[in-house]
Amino acid sequence: MIDPKLYTLLEVVKHQSYTKAAQELSLTQPAVTQHIKKLEKDLGIKIFYRLGTEIKITNEGKLLIQYAKRNIALHENLKQAIIDSRKHRQQYTVGITHTAESNAVAEVLGRYSATNPGTKISIISDSINNLYEMLKNYEIDLAVVEGKVRDKNINSLLLDTDSLVLALSKDNPLSQKEQITLNELKNLPLILRRPSSGTRNLFIAHIESRNISLEEFNIILEVDNIATIKDLIRHEVGVSILSKSVCLDELRKGKLSVLPIEDLSTIREINILYHKDFENTDILESIIKQYNKVKLNYHS
C-alpha cells in the first residue's frame, strides 16, 4: 500500500498551497500540515520552505517528490496489470513529442492496437524533458522522442531518422528552388514553434554554431500546435522550420513544399525509449515493422 502522506505531498506540490491540497483531499489544513511534518520527521529532511507567500521545494524535497511519483506510478501500474491479466488484455501508456504526434507514430500505435486484440494504448503528448521525467518515474511505459538520453536505466531503439527543413506553400515562388540559404531565410516571415520545442532549439543551436542570432530572422508568430502552423503555411501567412517527417502527408497530397537549408546539417534520430526492465519487447519490434509499412504509404 502507498503511504497516504505521499498523495498529500503531491497535492501540495500541484496546487502550491496547503489549503487547496486540503480541499482537494477532503482533509483539514492542519491534517495536511501534519502529513508533511511527519514525512519530514521520518526522513530527517526539510521538504518546503517559504519565500514570502510562495512555497519553495528544497533539493531533498525534490528527490522525495520524484520517488513519490515513481512509487505511486508503480503501484497504479501493478493494480492495472492485475486487472489486465484477469481480463487477458494488455495496456500501455506511450509518450510522444508534438512532432511525433504529427507524423506516422500515432497512426502506427493505433494500427498496432487494432491488429492485436486485447491491447489498449494511451498516448500522452508533451515536451521531451517532461516525457523523460514521466518515463523515469514509470508514469509511461514508452517514449518516442527525437534524440537520445544518457541514462544507464533507459534503453534506446532507433525508429527513424529525420531532418529539419523549410516548410512553405506550394505556390510560393521559392518552392521551385533546390535549397534556400540562411541569408534568404532571414528575409522571410517566419513562424516558429514555442521555446520548449526541440525542433526550435535544434535550429537555434545550429545557427548559433555559425555565429548567427535568432534575432536576425523575421519571426512573425510563435505557435505550439504543428497542425496550426501547417494551416498558416498553406494560407501563405508565412514559412516555418519543421521536421520533414511531420510534412510527409502534405507532401504526398501536394499541399506543402519543403526545402533543405544550405549548410544546415540537422539530421536527428527518432528513438523509442524504455526501461531496461521493460519485459514485452515484442511490442517494440511490432511498432518498428508497422512504422516502416506506414512510412512507405506516406512516401508513395
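The values are calculated or read from the model by the stated rules, or taken from the named source; none is laboratory data. Everything numeric in this text was worked out from a predicted model, so none of it was measured. Methodologically, a virtual Cβ is constructed for each residue, glycine included, from the backbone with ideal geometry; neighbour enumeration extends over all protein chains shown.
Below are the figures for this structure:
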quantity	calculated
Exclusive hit being modelled with pLDDT under 90, more than 15 Å from Tyr274 (Cβ to Cβ) and more than 16 Å from the chain's Cα centre (by Cα), set Ser163, Ser197	Ser163
Leading residue by the ranking (nearest to the chain's Cα centre (by Cα)) among those in the stretch 98-120 that are surrounded by 21 or more Cβ atoms within 10 Å (Cβ to Cβ) and outside any helix (DSSP H, G or I)	Ser102
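Okay, residues lined up against (1) assigned to a strand (DSSP E or B); (2) among the hydrophobic types (A, V, I, L, M, F, W, C); (3) without any contact (Cβ under 8 Å) to a residue 60 or more places away in the chain:
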residue: Lys20; (1), (2), (3): no, no, yes
residue: Leu27; (1), (2), (3): no, yes, yes
residue: His35; (1), (2), (3): no, no, yes
residue: Leu39; (1), (2), (3): no, yes, yes
residue: Glu60; (1), (2), (3): no, no, yes
residue: Leu63; (1), (2), (3): no, yes, yes
residue: Lys69; (1), (2), (3): no, no, no
residue: Gln91; (1), (2), (3): yes, no, yes
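Listed here are the residues, each with its yes/no results for (1) closer than 30 Å to His275 by Cβ; (2) over 31 Å from the mean Cα position of the chain (by Cα); (3) among the β-branched types (Val, Ile, Thr); (4) surrounded by fewer than 16 Cβ atoms within 10 Å (Cβ to Cβ).
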position: Lys20; (1), (2), (3), (4): no, no, no, yes
position: Lys37; (1), (2), (3), (4): no, yes, no, yes
position: Gly44; (1), (2), (3), (4): yes, yes, no, yes
position: Tyr49; (1), (2), (3), (4): no, no, no, yes
position: Gly61; (1), (2), (3), (4): yes, no, no, no
position: Gln66; (1), (2), (3), (4): yes, no, no, yes
